[in-house]
1. Can you tell me the relative contact order of segment A:16-218? Whole percent, Cα pairs under 8 Å, sequence separation 6 or more.
2. What average number of partner chain Cβ atoms lie no more than 10 Å from the Cβ of the residues making up A:171-181?
3. Which whole-number percentage describes the relative contact order of segment B:31-95, with Cα contacts under 8 Å and a sequence gap of 6 or more?
4. Once both axes come from the Cα atoms, what is the angle between helix A:142-164 and the longest principal axis of chain A, in degrees from 0 to 90, rounded to 10?
5. Do you know the Lys pair count in segment A:16-218 for C-alpha distances under 15 Å, with sequence separation 8 or more or different chains?
6. Counting only other chains, and only Cβ atoms inside 10 Å, what mean value do you get across the residues of A:183-195?
7. Using the Karplus curve 6.51 cos²θ - 1.76 cosθ + 1.60 with θ = phi - 60°, what ³J(HN,Hα) values do you get for each residue of segment A:96-107, in whole Hz, with x for Gly and Pro?
8. Exposure proxy check: B:Lys25, B:Lys72, A:Lys91 ranked by fewest other beta carbons within 10 Å?
Amino acid sequence: MIFEIADVIISGLINGSVYALMAVGLTLIYGVSKAFNFAYGSFYSLGGYIAFLLFGLSFINNYFLVFLLAVPILLVFGYFVEKALVAPLRKRDDWEIKVMMITLGLALFLDNSFQVIFGSRMKSLPPFLEGSFEAGDFYLSHQDVGIFFLSIGGILMFRWFLNNTRTGMSVRAVAQNPAGAQIVGIPKEFVFAATFAISTVMVGMGGILLAQKYFITPMGGWDILVKAWVITAFGGMGSIRGGLYAAFIVGMLESFVGWYFGMTWTLIVLFAVLLTTLAVRPQGLMGKWG
Amino acid sequence: MIKLVDVNAYYQDFHVLKNVSLEVKKGQVVVMLGPNGHGKSTVLKSICGLVEKVTGLMEYESENITGMGSEKLVNMGITYIAENRELFPQMTVLENLKLGAYSRSARSHEKDNLEKVFDLFPRLRDRQSQSAATMSGGEARMLAIARGLMSNARFLAIDEPSLGLQPNLRDEVAKIIKQINAQGITLLVVEQNIPQITTLADKLYVLEEGRISFEGSREDALGNDHLKEIFLGM
């Protein structure tokens, strides 16, 4: 019993850490540009498929190389998607809705492309660490530990970037006061595209990390989009700290509900918690109005 | 240094500035007066590249700057200081100041300018790590001006610095404007609640309904009963 609970907690922590990485990315785009990216889940699958393709290349045999190549690919992809699809809409009326529609279209396009290119069968990635820690009934795979630390590492790197680099500071500036950012001469257009690109990397990394435990499927991103959205709304739209707490709460909740009631209950309970939270605190855990 | 010839500015379909022409010479303090909502801020914002639709001719040191965005203009030395301050609320005083030096041309001067700004506003030095949201109206105003100075500007457009200030801080604002000008920075100031600022002015403009209705020295303005009563508060 005690080991079972330990397992559940560990699994909650690990999933929570990856959710945190992905939710922070979604919160970031919303916080900076007030746009909601419906293709976010498909970018998760894209990360998985990129890793799958990279592993198909003969000279790639470890995750270090995969990350080294996947990160710039995702960065460039995100940047151009923003420039080509989102940026032109920003000058129009009701652009927020239009951005939702176009990213929804992009999601469907990407998912169907995955289906055509890779087929609808599940794809899997090799575990990036073998072996496990074992003590009696207690079991913890090295892979899980690795996923946890890579996610946390990703979030810490992101935090460092926001607080210590010029581009990071300009991202925060645009999120806090777009008019003020324009006054000091920050190129807003570039910040929007950079933000989109960074969030694409974060969710794509999440896709690569989780694809080792679960599988890559053409439509697998929707579950992630829903979860990332729940976390973002639960934590408070635009609040990164709120998103972090919410990600771990959701990870734990999912893990306990799945263990106690069965996996089919997890989304129901998640939405029940989200709705209750929003009924009591419409701005989410740590969100601000507006 | 700054010259506007027949400038028109629009917000969507709303025609705000109508054939505005003005000139600010190097080293001058020029003050613009006029009723609220008649386009004074729009003049400053147009010069600083913050209004989307501007027609006519705007020149900075004989270079045509019409249609340039703020990113370029800040880099060239033209900076706007907003009436409602437009600070970054969840950032510290120091971070706000550092972002003031965002443009390429300001980066290499960041350290020197930070020292200058702290000498001008000693209180900001003591409150470097305080977040901007927790500052009083007067302190936030100082921070907005200081952030503008961090851009290494040679021309500053200062919009209603007295807005939201207690009357006893107005003298201080006038003093600071004088000090900034003494450092060789050319100023175009919109302000009518601080009589001391009009006494600093090399030239006054009055803007009414989007048009320049008066241009001249303070003495000329004092000879005009209409202006004297309405804008100079005498």
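All of the numbers you see were taken from the coordinates with simple rules; none came from a lab. Just so it is clear, the model here is predicted, and its values are computed rather than measured. We place every Cβ from the backbone using ideal geometry, glycine too, and count neighbours over all the protein chains shown.
1. 45
2. So the per-residue partner count for this stretch is 5.
3. 24
4. The angle comes out at about 20 degrees.
5. Taking the Cα cut-off of 15 Å, the pair count is 8.
6. The shielding value for this peptide is 6.
7. Per-residue couplings from phi come out as 4, 5, 5, 5, 4, 5, 6, 6, 5, x, 4, 4 Hz.
8. A:Lys91, B:Lys25, B:Lys72
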